[in-house]
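What follows is a set of notes on a single structure, which appears directly below.
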Amino acid sequence: NCRVLVLISGNGSNLQAIIDGCDDHLDAEVIGVISNKPDAYGLIRAHHNEIDTSCVIVRKDESRPEYDARLKLAIDRYQPDLIVLAGFMRILSDEFVQGFEGKMINIHPSLLPKYTGLNTHQRAIDAKDKEHGASVHFVTPELDAGPVILQAKVPVYAEDTLDTLAERVHQQEHAIYPMVVKWFGQNRLKMADGCAYLDDIRLAEAGYA
Ligand code: GAR
């Protein structure tokens, strides 16, 4: 059974989808949740599901390497096979990321490589994009630039607001993230030479879009 550790900062709806997905199959199990925010609603979701939680809160005047070293200690305590970033809203130092190469995945609310960083839904609306979506990717040191594993596309309508579009993307996130966790748990997913592989087949830049 693949030991999955989920890192969050907020609502944790993706965490919930992964918990529910793991209940449906026995390939992976969420064994812990770490938050950098003590009031993250996802911590309550974890408690409801009897999953162990930890908070690693940024200290005043703490440097990024200092924080990341404490985060690594908290992670190592769980001995995870896979680290899942699910709305974990902190940039991680290169050294930290390199320590978990091929073992850490992230979900990002855009069709990467479009719109790395923040405010992705508003940027898609402002650009009058016809389609938008979400991407699951392996985490590499460069922000939101690791190899894409799976994408989901949604249409953007002229009458869309930030909320309607965000909601449409969220629903797709909840469908694709548990699927990727399952693949990893089944040992089917690998990162090698900067590319993602499923069953030894290289996933192109657009993943399984
Ligand atoms: C998700 O939409 C995820 O794609 C995004 O945060 C949201 C978390 O929602 N992640 C990022 O923007 C990462 N840069 P959730 O807490 O309900 O899962």
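The values are calculated or read from the model by the stated rules, or taken from the named source; none is laboratory data. Please read these numbers as outputs of a predicted model, since none were measured by experiment. Cβ atoms come from the backbone with ideal geometry, glycine included; neighbour counts cover every protein chain shown. Heads up: the accessible areas ignore ligands, DNA and RNA and are worked out on the full protein's heavy atoms, side chains in. Shrake-Rupley method; radii C 1.70, N 1.55, O 1.52, S 1.80 Å.
Go through (1) open to solvent by 70 Å² or more (accessible area, probe 1.4 Å); (2) under 29 Å from H25 (Cα atoms); (3) out of contact with any Asp or Glu (no Cβ under 9 Å at 6 or more places or on another chain); (4) in contact (Cβ under 8 Å) with a residue 24 or more places away in the chain for E167 and report which single condition fails.
(4)
Being free of Cβ contacts under 8 Å to residues at least 24 places away in the same chain and open to solvent by 40 Å² or more (accessible area, probe 1.4 Å) is the filter here; which residues of segment 116-127 pass it?
L118, N119, R123, D126, A127
With respect to D27, determine if the residue is more than 16 Å from the ligand (Cβ to nearest atom) and within 19 Å of P141 (Cα to Cα).
So D27 does not fit the description; no.
Which one of these is more than 16 Å from the ligand (Cβ to nearest atom) and of a type in the set (F, W, Y): Y67, Y41?
Testing whether each residue is more than 16 Å from the ligand (Cβ to nearest atom) and of a type in the set (F, W, Y) leaves just Y67.
For segment 79-99, give me each residue that is more than 12 Å from the ligand (Cβ to nearest atom) and under 15 Å from E142 (Cβ atoms).
Hits for segment 79-99 are S93, D94, E95, F96, V97, Q98.
Say we look at segment 147-164 and pick out the residues that are touching a Gly at 6+ places or on another chain (Cβ under 8 Å) and not polar (S, T, N, Q); which of these is most open to solvent (accessible area, probe 1.4 Å)?
Step by step, filter segment 147-164, then rank; the result is K153.
Quick check on T140: is it among the polar types (S, T, N, Q), within 16 Å of the ligand (Cβ to nearest atom) and touching a His at 6+ places or on another chain (Cβ under 9 Å)?
no
Out of the strands (runs of 3 or more DSSP E) lying entirely within segment 1-77, which hold 2 or more residues that are open to solvent by 20 Å² or more (accessible area, probe 1.4 Å)?
In segment 1-77, 28-35, 53-55 are the strands (runs of 3 or more DSSP E) which contain 2 or more residues that are open to solvent by 20 Å² or more (accessible area, probe 1.4 Å).
Of the residues F88, F138, which is open to solvent by less than 10 Å² (accessible area, probe 1.4 Å) and touching a strand residue (DSSP E or B) at 6+ places or on another chain (Cβ under 9 Å)?
F138
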